[in-house]
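*Asks:* Below: one structure in structure tokens.
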Amino acid sequence: PGILAGKRGLIMGVANNRSIAWGIAQAARSHGAELAFTYQGDALKKRVEPLAKELDAAVVGHCDVTDPATIDAVFAEVEKLWGSLDFVVHCIAFSDKDELTGRYVETSEGNFTKSLLISCYSFTAIAQRAEKLMTKGGSLLTLTYYGAEKWMPHYNVMGVAKAALEASVRYLAADLGPQNIRVNAISAGPIKTLAASGIGDFRYILKWNEYNSPLRRTVTTEEVGETAAYFLSDMSRGVTGEILHVDAGYHVVG
Ligand code: 0WD
């Protein structure tokens with residue numbers, strides 16, 4: 001049996017088949033997990049439903065993390081479906097494209113608040129709901145980026161949001177550890193997805209990583225997915241509060 005056999009998990013943040021969440025879902029399924037997906041809005045529903053079907057997964061409804069009632073609704077659906085939960089994968093981030101270019105100092109209060117709410121607080125909001133269903137322990141996983149640790153061109157308010165997200169991984173790990181709920185993040189190297197296409201000069205960033213990372217290439221959603229499977233499984237049972245780079249080693253360089 002696979003390392004995730006018998007485990008049931010919720011995948012949040014699939015937009016299409018290039019999403020990191022989709023790479024994680026495929027890996028989790030290949031290792032034996034049973035999955036449920038959320039989608040954000042009707043446009044994505046049409047994309048997510050056929051993808052879910054490919055992995056024999058349930059679709060538990062619309063979730064826009066700026067609307068707490070929709071978070072409650074999808075967790076209520078999960079409870080109805082399974083009664084308990086073993087893992088949640090949070091692959092959700094947003095910032096106004098106009099502020100993912102040029103100078104961070106120009107960030108507006110409105111976009112700052114929205115970016116932090118969607119890209120950082122939502123993970124805590126999800127942890128609050130997941131805790132109640134993780135009666136036998138569990139694993140919460142989020143996605144971050146090197147721009148949390150170092151200045152990166154154009155990443156701007158997302159870098160600030162990811163720094164806060166990484167700090168919240170540590171605080172959540174301490175709070176939920178006594179219930180054997182582990183909280184970790186993968187810091188992924190740049191991958192061409194819908195969200196990434198909003199970042200200024202993204203193609204240049206991809207090339208830069210290709211030329212300069214120790215492995216002299218970028219990473220794939222499959223590779224992020226395999227590392228995610230480790231975090232979601234009991235193979236990582238002694239690991240919490242960790243931020244692991246899956247970035248072809250770029251973090252040792254820049
Ligand atoms: O290079 C990259 N692509 C990296 C991405 C490197 C390192 C980290 N990441 C992170 C992102 O910051 C994000 O946290 O990985 C996570 C997943 O992003 P992705 O796979 O790159 O992007 P995408 O396929 O676009 O999925 C992000 C999804 C949204 O898609 P769009 O593009 O439609 O905004 O986040 C979801 C949505 O499905 N999302 C929301 N979900 C619920 N409520 C919301 C919201 N308000 N806003 C965005």
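*Asks:* For segment 77-224, what class follows from the C-alpha gyration tensor (a ≥ b ≥ c being the square roots of its eigenvalues): rounded when a/c is under 1.5, otherwise prolate if a/b is larger than b/c, else oblate? Could the numbers behind the result be given before it?
*Replies:* Values: a/c = 2.23, a/b = 1.61, b/c = 1.39.
The shape class here is prolate.
*Asks:* While we're here: Report the Cα centroid-to-centroid distance between segment 126-180 and segment 1-50 in angstrom, as an integer.
*Replies:* Cα centroid of segment 126-180 versus Cα centroid of segment 1-50: 19 Å apart.
*Asks:* How much mean residue ellipticity at 222 nm does the chain get from its helices, if each DSSP H run of length 4 or more adds -39500 (n - 2.57) and you divide by all residues, to the nearest 500 deg cm²/dmol?
*Replies:* Working: 8 runs with 104 residues, N = 254.
About -13000 deg cm²/dmol.
*Asks:* Mind ordering 59-65, 210-216 by average Cβ neighbours within 10 Å, highest first? Don't skip to the answer; put the middle values down first.
*Replies:* Details: 59-65: 20.0, 210-216: 13.4.
Averaged packing, sorted descending, gives the order 59-65, 210-216.
*Asks:* How big is Rg to Rh over segment 1-121, alpha-carbon atoms, Rh as the Kirkwood inverse-mean-distance radius? Let's see the in-between values first.
*Replies:* Working: Rg = 15.8 Å, Rh = 15.4 Å.
Dividing the radius of gyration by the Kirkwood radius yields 1.03.
*Asks:* What does the charge dipole of segment 8-252 about its Cα centre add up to, to the nearest 20 debye, if the Cβ of each Lys and Arg holds +1 and the Cβ of each Asp and Glu holds -1? It would help to have the intermediate numbers written out before the result.
*Replies:* Numbers: 24 positive and 28 negative charges, 77 e Å.
The calculated dipole for segment 8-252 is roughly 360 debye.
*Asks:* If you take the Cα atoms of the chain, find Rg, then find the Kirkwood Rh from the mean of 1/r over all pairs, what is Rg/Rh?
*Replies:* Taking Rg over the Kirkwood Rh, I get 0.94.
*Asks:* Give or take rounding to whole Å, what are the principal axis extents of the alpha carbon atoms in segment 149-199, in descending order?
*Replies:* Projected onto its principal axes, the Cα set of segment 149-199 covers 39, 20, 13 Å.
None of the figures in this text is laboratory data; all of them are computed from the coordinates on show. Because the structure is predicted, anything quoted here is derived from the model rather than measured. Here Cβ is always computed from backbone atoms with ideal geometry, including for glycine, and neighbour counts include all displayed protein chains.
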